[in-house]
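The values are calculated or read from the model by the stated rules, or taken from the named source; none is laboratory data. All values derive from a computational prediction rather than experimental measurement. Cβ atoms come from the backbone with ideal geometry, glycine included; neighbour counts cover every protein chain shown. Accessible surface areas use protein heavy atoms only, side chains included; no ligands, DNA or RNA. Shrake-Rupley method; radii C 1.70, N 1.55, O 1.52, S 1.80 Å.
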Amino acid sequence: MTTLSLTVNGRQVSTEIDPRLNLADFLRERLSLKGTHLGCEHGACGACTVLMDGMPIRSCITMAASCDGVEITTVEGYDDNKLMSRLRRAFREEHALQCGYCTPGMLATAYDIVSRLDRADENEIRAALAGCVCRCTGYRGIVRAIERCIAEKNA
Amino acid sequence: MKAPALEFHRPDTVQAALAILAEGDGAARVLAGGQSLVPMLNLRVAFAETLVDIGAIQELAAIEDAGNHVRLGASVSHARIEDGQTGDYFGGMLGHVAGNIAYRAIRNRGTIGGSLAHADPAADWPVAMIALGANVEIAGSNGSRKLPVDEFMVDVFTTALQEDEILTAICIPKASPKLRWSFQKMRKKAGAFGEAIAAAVHDPESGLCRVVAGSSAIGGPQRFTLLETALQDGDVDDDAIRDAVTRTIGSLGRYETQIHTVCLRRAIEEVRT
Ligand SMILES: Cc1cc2nc3c(=O)[nH]c(=O)nc-3n(C[C@H](O)[C@H](O)[C@H](O)COP(=O)(O)OP(=O)(O)OC[C@H]3O[C@@H](n4cnc5c(N)ncnc54)[C@H](O)[C@@H]3O)c2cc1C
Ligand code: FES
Ligand code: FES
């Protein structure tokens, strides 16, 4: 066992963990935060993407024990964050989700794209989304939702 | 797909990390960003009884302007390089290479040192660092040593690192403002590994002139010295490049020969115009 202290969605967590645990399993199994989804479990599909110190990372290929001292935000933890509220509304109105499996990872990725880029055309948004797989929407709604939030940011 | 049982250490100095590696007697491995190692542990294609996470070692995350070169700690992430934290002594080349590795979520964790130490034949940094004439610094229990990246990269998934050594830094000689570079990566999808990668670099002031290609098909980074002279003065056409590809790496399938030839031609043309 190894000790782990970190902040998850604003809450301080200190616990003993099996060192082979990855961050996704820690969040899902130990903290019951099932909003973080697992698809491929090797970094390729993006479903497990969460924010670590405000930056998107893959929780499936990040060892939980490497997260000592960091701040993790999962889809359960955005509360009334302004940008995330705008993204949620845009996702809803642009039909950017259907089954919702990819959505937690899409939102974390979209949050990063909108925060980092002051402008991005459709191709750039699609390239930045290349690491997130959606089997339902065909991406158009997701791209439109992100375009809209970038435009709102500049308005 | 979960990693097998293992021990985990997260030391905060290079010395402490070296001591754990030495004690592990070959069964301990360095964990950097984990973006290659963790999937490989999960898939049981890599093995470790003990992981030595170097993420808490501050000095390995430093970026230093060291006069005639830029010194990047091994744990500097692709994303920090993409964002220009290295300072721009290479006409934007480092940011371009970094920004085209995988996806942002992976670039936030993956490190330049991890990429070199991992020695995936299709990785981007080995090609770019050989092209820029970079050196690596390596620490071991018997002191440290320095090696040019082309000597460090030994073979597919094989480097000059011993089991009890840590790659600590990458030193890239600063280029002059006259540097011309091109980095071509042929791939079918944004974020994927390149099927063929080629870099051409020419700095008339320092005399640096290199043409390098890499991919799984050609078994990792290779310098194309035959084309380096041509990059400076001669004329190069597709036939000459195809000929250099065959002479440098032997016979490849038609598709592989073609994509490597095209990448090299695009790289050379971009540098010469
Ligand atoms: C979906 C996906 C797509 C990717 N696409 C690309 C791509 O297009 N191009 C590309 O170049 N890469 C790509 N990568 C790989 C990525 O760049 C990794 O970050 C990199 O290969 C390994 O870096 P790391 O810091 O994660 O190392 P780790 O995975 O932690 O370690 C890799 C290996 O290097 C050793 N090691 C690491 N650091 C050190 C050190 N300082 N000293 C000694 N040994 C060390 C480890 O023991 C291990 O054997 C991709 C990865 C994924 C998951
Ligand atoms: S589950 Fe992590 S990237 Fe697919
Ligand atoms: S909404 Fe179903 S996978 Fe994206």
### Query
Quick one: which bits of segment A:116-155 get at least 40 Å² less accessible when the partner protein chains are in, versus the chain alone, with a 1.4 Å probe?
A:116, A:130
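Give the interface area between chains A and B as buried accessible surface, both sides summed, probe 1.4 Å, in Å² to the nearest 100. Working shown, then result.
On the way: alone 7990 and 12570 Å², together 18350 Å².
Counting both chains, the buried surface is close to 2200 Å².
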### Query
Averaged across the residues of B:35-43, what count of C-beta atoms belonging to other chains lies within 10 Å of each residue's C-beta?
5
## Note on the structure
In chain B, taking the dipole from +1 charges on Lys and Arg beta carbons and -1 charges on Asp and Glu beta carbons about the Cα centre, the listed residue (B:192, B:133, B:93) farthest towards the positive end is B:192
### Mean-position separation - Cα centroids, segment B:159-223 and segment A:1-57, in angstrom
34
### Query
Sorted by mean Cβ packing within 10 Å, highest first, what order do the peptides B:78-87, A:6-15, A:146-155 take?
B:78-87, A:146-155, A:6-15
### Task
Please give the peptides B:97-106, B:49-58, A:122-131 ranked by average Cβ packing (other Cβ atoms within 10 Å per residue), highest first, as a rough proxy for protection.
B:97-106, B:49-58, A:122-131
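Once neighbouring chains are kept in place and the probe is 1.4 Å, which whole percent of the accessible area of the protein assembly as shown is contributed by carbon and sulfur? Could the numbers behind the result be given before it?
On the way: 8570 of 18350 Å².
Here carbon and sulfur together make up 47 percent of the probe-accessible area.
Please report the relative contact order for segment B:18-60, taking Cα pairs under 8 Å with a sequence separation of at least 6, and give it as a percent rounded to a whole number. Mind showing how you got there, number by number?
Values: 39 pairs, mean separation 18.7, N = 43.
Result for segment B:18-60 is 44 percent.
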### Message
Between helix A:82-93 and chain A, what is the angle of the helix's C-alpha long axis to the longest principal axis, kept within 0 to 90° and rounded to the nearest 10?
### Response
60
### Helix axis angle, A:103-116 relative to chain A longest principal axis, alpha carbon, degrees
70
### Task
Treat every Asp and Glu Cβ in chain A as -1 and every Lys and Arg Cβ as +1, leave all other atoms uncharged, and give the resulting dipole magnitude about the Cα centre to the nearest 20 debye.
440
### Query
At 222 nm, what helix-only mean residue ellipticity would chain B give, in deg cm²/dmol to the nearest 500, using -39500 (n - 2.57) for each DSSP H run of four or more?
-9000 deg cm²/dmol
### Task
Quick one: angle between helix B:254-272 and the longest Cα principal axis of chain B, in degrees between 0 and 90, rounded to 10, please.
80
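Find the relative contact order for chain B and round it to a whole percent, using C-alpha pairs within less than 8 Å whose residues are 6+ positions apart. Write down the numbers at each step before the final one.
Working: 587 pairs, mean separation 43.3, N = 273.
Relative contact order, chain B: 16 percent.
So how strong a dipole does the protein assembly as shown carry about its Cα centre when Lys and Arg Cβ are +1 and Asp and Glu Cβ are -1, to the nearest 20 debye?
Numbers: 45 positive and 54 negative charges, 298 e Å.
Computed about the Cα centre, the dipole is about 1440 debye.
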### Pairwise centroid distance, computed over Cα atoms, of segment A:97-155 with segment B:68-134, Å
25
### Task
With θ set to phi - 60°, apply the Karplus curve 6.51 cos²θ - 1.76 cosθ + 1.60 along segment B:90-96 and write out the HN-Hα couplings as whole Hz, x wherever there is a Gly or Pro.
10, x, x, 5, 4, x, 5
